[in-house]
Structure formats: structure tokens, C-alpha cells
Amino acid sequence: MFDAPKVILGIILFVAVATFPIWFNGASGKVDNVPNLVYPDSTVYGNQCVLDAAYMKHSHMDLLNQWRDDVVRRGERIYEAPDGRRYVMSLQNTCMGCHTEKAKFCDQCHDYLGVKPYCWQCHIEPQGSF
Amino acid sequence: MSFERREFLKLAGISTLLGLAGKGSVQALAQKVPEVPPYERPLTAKRWAMVIDLRRWTEQDSRDCIRACNEMHNVPQFDNPKDEVKWIWMEDFEHSFPSQENHFLSAEYHHKQVPLLCNHCDNPPCTRVCPTQATWRREQDGIVMMDWHRCIGCRYCIAACPYGSRSFNWRDPRPHIQGGDPNRLNREFPTRERGVVEKCTFCEERLSQGRPPACVEACRSGAMAFGDLEDPNSEVRHLLHENYSIRRKPGLGTQPEVYYLV
């Protein structure tokens, strides 16, 4: 093989650059900075979300889209959860009425995963609890 | 004295509870998760319409109604008229009703200021041109609705509306709402973002809670009436039956649902 040292050096350099995000984030400790959600201490609904936490974790965006379509396009405002509880469908008022600290709840996972939902460009985030 | 022992004990009890609960009570009050019951009694109609009596309309009404609407819906105020965003606004009679601009119009109407808003037309041209169906006429009550999630900012609807009822957010509206003071935003209603068209929605968010539109509620002279045009016993039908009314640019065939009594 001609120029073996150069080729091997090139391969090593390529791998190093291509995997830069992985080892850089590992070295800087960013990977260990996992989401730390602060759940609301809410007495309003007895510390219970609209649907169970497991569903909300992976599919809250589906529920929000469904609420958006029901409210805006169908003019329906009341959501009845499977357990019979009824809620006014509103991200800004109902969801954020309990989850009063966006930075300690929404942003935790969204930032970690690099997701940038544009809810907050219009919907007003709460000013935070006291 | 009307302040009886029973009342005093009630008040004392509540004060003590609040005092004991301390921070907790403040937090509970701060959390405003909306209650369901008001939404179970919405105001409904087959075709919403508004009747504005220009004979009774006062300058105080102009200020009250516009302020109420702007505060309710977080409508931004821009210094540059090219950036203007308006839901309800005032205009001269001659510009409001171009076809009624007779020679020697009565002095009262020559410089009359007329409140204008979206006419919620029966045959709205704006909805026909919207490529994303971000605006449409609700079949159930005739309100020309907007879905700000879906608006792509093409501004076809602005070109199509013959009444200037639609405004485009050329700039980020947030710093221009209530002087850019976040504490003065209406936190129960969203703002819009740059690149989105907005307009009056006949306060459908209030109707769904059984409340009349904000401008109607704010109008102290009672010059604004709001009701169901399909209901022969409604206030708007009585007013239209008993008075001569005009509408803006009726010749265009849009069938506006805001009537003016002159």
C-alpha cells in the first residue's frame, strides 16, 4: 500500500471529526445533564394529569394537536378523560395552570432532545410560581 | 347595622384560613385552571350578527370598545400606520360607506366616526382564497374563524377582504402589546407571531363561556346589539325590523352581518 501512514492518519482524522458531537458532548458532561422535571404541587386536580404520565411522556403532543383541532376547528371546548374527569381544552390555561414553570418542565426534555416546539411564540407562558 | 354576627364570623373564618394557609393559598389563587361549568352554557346561534346604532354611539364608546377588545385579545399597537393591526377601529362615515357619500350629507354624518370590525360575511371572499383553510366560515353560527396555527402569512385574505378587516403582523407583535409590558398581557388569550394574519372573531372564545363579545359588553350607551339573525325574537331582528339599516358595500354580494342604524 502506498502512503500507508498518510491514509491511516486520514482515516483516523475522519473518524475523529465525524464522531465529534459524540465524544465532545461526552467529555463536556452534557450527556450526564439529563432532564430533571419538576412536577407541579397542584391541589387543583389532586396531583393527577389529564391522562396518565406514561402516555403524556411520549404522546402529549398528539393530545395537544387533538385539543387544538377540537377547540379551533370544531368549536368544542370540554375534554372528557377516560376516568370521567372533565377539562377545558387549553394549553395556555389548563396545562400551564398546573405546570406553572415552563423552564423546569417543558424545557427540560425539549432542550435535552433539541426539540424546538413553537407553541410559545403565541401562547403566553406562565410567569412562574412564587 | 347590616353587619351581622353571622357575616362577621364567616369573614373571620375565611381570613384565618387564608392566614394559616399562607403561601399555599396565594399559590392556589395564582393557578387559574379554567373551570368547566361556564363552558357548558355557551351562547349559541344559527347566524351571529351585530347591529350598531350610530345615532346612540358616543365617543366614549369608541374608546371603551376599542380598549376592551385590544386588552382582551392582546392586539399590538404600532406607531407606523403601515404596521397597523386592528380588530375594531374607527373610520369616517364617507370612508366606511363609500357608496353613501351623497352631496350635502347631513352635518352630523359628514364627520361621523363609525366603528368598524370584521363583518363575518355570509359569503366571505377571504375564506375562498385561503390556500390552507386557515380561515373559514363556521357552519354552525356563521362566524368567520381563523386558525392562527395554520396561517402561512400569504395575505391573500387581506387582498380579498373589501373591508380592510384583516391585519398582517409584519413585525413580532409581543413588544408592542400594552406597551411591551408582559404583566399587562391578557394571560388567558394567546398573542400572534410575526407572519400571521389576524382579525376580529366575534369573541368566539367568550361566546363559548356564555359571555357576549367584549366590545358589546364595554359599550355603555347600549348602541351595540349582538344576537341571532335567524331567531325572529332576537334583539337584532327587532332592531332591524323597527329601524332603517345600512351595511358596508352591500353591492359586492358578500352579505356582511354587521348592520348600522342611521
Can you give me the pair-distance distribution of the protein assembly as shown, C-alpha pairs, 20 Å bins, whole percents?
22, 46, 23, 7, 2, 0
State the extension gain, in nm to one decimal, for the chain segment bounded by residue A:81 and residue A:55, taking 0.36 nm per residue of separation less the distance between their alpha-carbons.
8.1 nm
Carbon/sulfur fraction of accessible area - the range B:69-210, other protein chains in place, 1.4 Å, %
48
No solvent, one uniform scatterer per C-alpha: report log10 I(q)/I(0) for the range B:172-253 via the Debye equation at q = 0.14, 0.18 1/Å, two decimals.
-0.74, -1.01
With +1 on the Cβ of every Lys and Arg and -1 on the Cβ of every Asp and Glu, and nothing else charged, how large is the dipole of the range B:194-262 about its Cα centre, in debye rounded to the nearest 20?
400
Name the residue, out of B:236, B:33, B:51, whose mean-square fluctuation peaks in a Gaussian network model built on chain B with Cα pairs under 10 Å.
B:33
Leaving out ligands and nucleic acids, note down the accessible area per residue over the protein assembly as shown with a 1.4 angstrom probe, in whole Å².
58
Over chain A, calculate the relative contact order: mean separation of alpha carbon pairs under 8 Å at least 6 apart, over the residue count, as a percent.
24
With only Lys, Arg, Asp and Glu charged, each at its Cβ (+1 for the first two, -1 for the last two), find how big the charge dipole of chain A is about the Cα centre; round to the nearest 20 debye.
200
Debye log10 I(q)/I(0) at q = 0.11, 0.21 Å⁻¹ for the range B:49-135, Cα point scatterers:
-0.42, -1.22
Where A meets B: accessible area buried, both sides, 1.4 Å probe, Å²:
2900
Given just the C-alpha atoms of chain B, how large is their convex hull per residue in cubic angstrom?
195
Could you check the simple spin-label distance between residue B:188 and residue A:13, using points 7 Å along Cα→Cβ, in nm with one decimal?
6.5
Go from 0 up to the bin containing the longest alpha carbon distance in the range B:144-195, width 5 Å each, and give me the % of pairs per bin.
4, 16, 24, 23, 18, 11, 3, 0
So what's the gap between the Cα centers of the range A:60-130 and the range B:33-95, to the nearest angstrom?
27
Extension reserve of the residue B:79-residue B:41 stretch, reckoned as 0.36 nm per residue once the Cα distance is removed:
9.7 nm
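Working with all protein chains in place, sort B:120, A:58 by solvent-accessible area computed with a 1.4 Å probe, largest first.
Values: B:120 0, A:58 125 Å².
I get A:58, B:120, largest accessible area first.
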Could you give me the radius of gyration and the Dmax of chain A, taking only the C-alpha atoms into account and expressing both in angstrom?
22.2, 75
Add -39500 (n - 2.57) for each DSSP H run of 4 or more in chain B, then divide by its residues: what number comes out at 222 nm, to the nearest 500 deg cm²/dmol?
-7500 deg cm²/dmol
Can you tell me how much longer the chain between residue A:110 and residue A:47 gets when fully stretched, taken as 0.36 nm per residue apart minus their C-alpha distance, in nm with one decimal?
20.4 nm
Relative contact order of chain B, defined on C-alpha pairs under 8 angstrom at six or more residues apart (%)
30
Plugging the Cβ-Cβ distance of residue B:246 and residue A:70 into 1/(1 + (r/R0)^6) at R0 = 35 Å yields, to the nearest 0.05, a FRET efficiency of 0.35
Restricting to Cα pairs under 8 Å and 6 or more apart, the percent relative contact order of the range B:43-139 works out to 21
So which lysines can residue A:102 reach, going by Cα to Cα under 26 Å and dropping same-chain residues fewer than 8 places off?
A:30, A:57, A:116, B:23, B:32
Ignoring ligands, DNA and RNA, the residues of the range A:109-127 whose accessible area with a 1.4 Å probe is reduced by 50 Å² or more relative to the chain alone are A:121, A:122, A:124, A:127
Go through the range B:160-197 and flag every residue whose accessible area shrinks by 50 Å² or more with all protein chains in place compared to the isolated chain (probe 1.4 Å).
B:174, B:187, B:193
Once B:242, B:257 are ranked on solvent-accessible area with the largest value leading and a 1.4 Å probe, the list reads B:242, B:257
For chain A, set up a GNM with springs between Cα atoms under 10 Å and report which of A:35, A:82, A:117 has the largest fluctuation.
A:82
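The values are calculated or read from the model by the stated rules, or taken from the named source; none is laboratory data. Keep in mind that this is a model prediction, so the values were computed, not measured. Every residue, glycine among them, receives a Cβ derived from its backbone with ideal geometry; neighbour counts consider all protein chains shown. In case anyone asks, the SASA skips ligands and DNA or RNA and just uses the protein heavy atoms, side chains included. Shrake-Rupley method; radii C 1.70, N 1.55, O 1.52, S 1.80 Å.
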